[in-house]
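Working notes, beginning with the structure itself.
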C-alpha cells in the first residue's frame, strides 16, 4: 500500500495535542508584532491523531536504510558503525542539559572536554591547536581557507589569488576556494592517480594562496610524494590545506602535520564515529600549525592552572572571528571524545589498519569480475568499474548500484571521482566482519553475471523497495519542492 | 556523430565557424548523462579561447564549458534554461549553447576526423 503524505491523512478536527487552560490574560497578536506580518489565513497543517502520527512516521522509518540496518560502503563518506556508548555519554544530564549561557563556572566539565578534545585531535593530526566551531566538513574548509587568507593578508601579501586543487578533489574544495574569493586552478593527476609534480610546478607561483589536498586521495591512494609537494608549495609562499575526509586510513600511522600540511579539517561524523547523513549534525574541527594559531576563530578554550579553571579567551585580535553560534556542535564533540577515549591510541591505529585491510580484501575479491583501474595496494577505499562486456550490454555503474539495493546493501558512491569513467567507489570501513564483506562480494559477482544474462533486471532495479527506480533527471530538472493542497 | 562542417576542441566543445554557434559534442553529452542544468554567460562578455564560459550539470557531474575560440558573446540559447535536455537530444542543433563574435583562437581547433581519433583513444 502506498504511504500517504501526512497532509493526506488529515481529517478536520482531529488532533494529537492537549494544551492546559490559558491562565494568563489573552493578548491580541497584532498588538505585539506589526499587523502586516501577522498571518491572515490559517496554515494548512495536517489534523491527525497521535496514533496516526506515530504509525505514519514509524512506517517511514522502516523504509529507511542506515548503518544500523546494514553494510553502507559509501566511498569517501566513511559510514562506520557508531558505537552506542557515544549516545549514552552525550545524554549525560550534565552535558545534555547544559546551556551555553550558564557561564564558565557552571560549565567547567564541558570546557574541559573541549580543551581535551583539542589536544587529542591536535596530537592525531600533528597540529598545534584546533577549533571545534565549524558545523561540518565544508564549513571546516571555509574556516581553514579564511585562516589562510587572513594569514597572507596580515603579512600584507595581497597578490595571492589562486588555490590549486587536483582533478580528483572533492567538489567542496573548489567551491570553498571560490567562496573565499580565490580562483581555482585544477591540475591533472598523473597516470598513477597521484598529483603530477611537473603540472604542480607549472602552476605554482607567487600568486598561489594554497594547495588543497586529500591524502590518501579520492582514489584511495596515498600521495607518496607529499613531502616534495609540500616543498614546492611552501617555496612559492603558499600553504597546504588537508581535507580530512580520508583521515580514517591513517590514524596513528601518519600525521598531516608531519607531511607538511599547515591547516586541516576533520570530519568527526566520518572518522570519529558520530552520526552522519540524516542521523545528526556533522562537526568539522579545524587544526592549524603554530604560526596560524592567532587566526583561529574565537573564543578559544584555555586553562589557568593557578585557578584550576577553564575559560573562554575572546582577546584574540587576529582571529577571523566566530564561524558559528556558541562553540560548534558540542553534542557531536562529546561523541567523538568518547570514541577517542574508548579506543585509545592503540585502538585508533587498529581501526585504520582494519579499514585498510577490509578495502584491500574487497578489491582483491572483486578483481576477477570488475575492472580495477588503479590496481595496487590501496588505503581505506578503492575504485572499480564494470567490465567491457558488461558495458556493451548497455549497463552503467548506476544500474549496478541500484541492483545492489535488492541484495540488501547500500550502494557505494558512484561517478566519483570524476577522473575515472563509470567509477564505483567502495569504502567498507573497519567495522565490518569477513562474512559481511564476503556477502557483498557475492552480490556484486552475481550482479555482473545478471548484467550479461538479463540486463533488463538491472535497468529496472531496484525491485524489492517501496519505490522503484526514480527518474533522477526529471527530479533534478523539475523538482517538486512542496506539497500543495488539491483544490 | 561528428559533423564535418564543425570544428572541435580536446575538451569536447564544438564551434561552427559559419554560424558562430558553440556547443558540446555528442561524446560529451553521452559521458555526462542527462543534463539537468546549464549556466550561460552574459551577452557582451569577452572570452579568450580556453576560458570557462559556462557550466553544464548532469545527474553525474558538474563540468565547465570552455570557449573553443576568443571573442564576444552575442547570443545565448535561453531555451536551455527550461529544457536542458535539448543538449542530450540534439547537441549540434537545438542544444547549441551560445553564439560568439569570433576574434581569434581558431588555430588550435580540431577537424571532425582528428576529433574522432581523439575520442577513440580515450
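Of note:
- Matching residues, the range A:5-29, being surrounded by 10 or more Cβ atoms within 10 Å (Cβ to Cβ) and either touching a strand residue (DSSP E or B) at 6+ places or on another chain (Cβ under 8 Å) or at pLDDT 90 or above (or both): A:5, A:6, A:7, A:8, A:9, A:10, A:11, A:14, A:15, A:16
- Restricting the search to helices (runs of 4 or more DSSP H) fully inside the range A:323-424 and requiring at least 3 residues that are within 14 Å of chain B (Cβ to nearest Cβ) gives A:397-406.
- With respect to the conditions (1) farther than 30 Å from residue A:60 by Cβ; (2) modelled with pLDDT under 95, residue A:287 falls short on a single one, namely (2).
- Selection from the range B:38-54 of residues that are touching a strand residue (DSSP E or B) at 6+ places or on another chain (Cβ under 6 Å) and away from every other protein chain (no Cβ under 11 Å): B:39, B:40, B:41, B:43, B:45, B:46, B:47, B:48, B:49, B:50, B:53, B:54
- Residue in the range A:476-484 that is at pLDDT 95 or above and more than 14 Å from every other protein chain (Cβ to nearest Cβ) present: no
- For residue B:80, the requirement of being within 12 Å of chain A (Cβ to nearest Cβ) and either surrounded by fewer than 17 Cβ atoms within 10 Å (Cβ to Cβ) or at pLDDT 95 or above (or both) is met.
- Only one entry of B:108, B:101, B:18 meets the criterion of being more than 14 Å from chain A (Cβ to nearest Cβ), exposed (fewer than 15 other Cβ atoms within 10 Å of the Cβ) and without any contact (Cβ under 8 Å) to a residue 40 or more places away in the chain, and that entry is B:18.
- Test for residue A:195: is it surrounded by fewer than 24 Cβ atoms within 10 Å (Cβ to Cβ) and in contact with a strand residue (DSSP E or B) (Cβ under 6 Å, 6 or more places away or on another chain): no
- Scanning the range A:171-190 for residues that are in a helix (DSSP H, G or I) and touching a helix residue (DSSP H, G or I) at 6+ places or on another chain (Cβ under 9 Å) gives A:172, A:173, A:175, A:176, A:177, A:179.
- Residue check for residue A:240: in a helix (DSSP H, G or I) and in contact with a strand residue (DSSP E or B) (Cβ under 7 Å, 6 or more places away or on another chain): no
- Residues of the range A:426-440 include none that is in contact with a strand residue (DSSP E or B) (Cβ under 6 Å, 6 or more places away or on another chain) and not in a strand (DSSP E or B).
- Of all the numbered requirements in (1) more than 14 Å from chain B (Cβ to nearest Cβ); (2) in contact (Cβ under 8 Å) with a residue 60 or more places away in the chain, residue A:169 misses one, and that requirement is (1).
- Among (1) within 14 Å of the chain's Cα centre (by Cα); (2) more than 13 Å from chain A (Cβ to nearest Cβ); (3) not in a strand (DSSP E or B) - the single one residue B:23 does not satisfy: (3)
- Only one of the listed residues (A:122, A:168) is touching a strand residue (DSSP E or B) at 6+ places or on another chain (Cβ under 6 Å) and part of a loop (DSSP other than H, G, I, E, B). That residue is A:168.
- Being outside the structural domain of residue A:279 (by TED's automatic domain parsing) and touching a helix residue (DSSP H, G or I) at 6+ places or on another chain (Cβ under 7 Å) holds for only one residue in A:16, A:30, and it is A:16.
- Test: residue in the range A:94-101 that is within 21 Å of the chain's Cα centre (by Cα) and buried (at least 16 other Cβ atoms within 10 Å of the Cβ): no
- Just one of the listed residues (B:35, B:59) is over 14 Å from the mean Cα position of the chain (by Cα), within 14 Å of chain A (Cβ to nearest Cβ), crowded, with 16+ Cβ neighbours inside 10 Å and in contact (Cβ under 8 Å) with a residue 24 or more places away in the chain, namely B:59.
- Any hit, the range B:83-94, residues being more than 14 Å from chain A (Cβ to nearest Cβ), surrounded by 15 or more Cβ atoms within 10 Å (Cβ to Cβ), more than 20 Å from residue B:4 (Cβ to Cβ) and touching a strand residue (DSSP E or B) at 6+ places or on another chain (Cβ under 6 Å): no
- Test set (1) more than 17 Å from the chain's Cα centre (by Cα); (2) over 30 Å from residue A:344 (Cα atoms) - residue A:105 fails condition number: (2)
- Of residues in the range A:308-338 being surrounded by fewer than 20 Cβ atoms within 10 Å (Cβ to Cβ) and in contact with a strand residue (DSSP E or B) (Cβ under 8 Å, 6 or more places away or on another chain), the one farthest from residue A:98 (Cα to Cα): A:316
- Matching residues, the range A:441-475, being in a loop (DSSP other than H, G, I, E, B) and within 14 Å of another protein chain (Cβ to nearest Cβ): A:469, A:470, A:471
Residues are listed down the side, and each one gets a yes or a no for (1) closer than 24 Å to residue A:246 by Cβ; (2) modelled with pLDDT of 95 or more; (3) surrounded by fewer than 18 Cβ atoms within 10 Å (Cβ to Cβ):
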site	(1), (2), (3)
A:367	yes, yes, yes
A:372	yes, yes, yes
A:380	yes, yes, no
A:386	no, yes, no
A:394	no, no, yes
A:399	no, yes, no
A:415	yes, no, no
A:454	no, yes, yes
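The values are calculated or read from the model by the stated rules, or taken from the named source; none is laboratory data. These numbers come from a predicted model, not from an experiment. Counting neighbours? That spans all protein chains shown, and the Cβs are built from the backbone with ideal geometry, glycine included.
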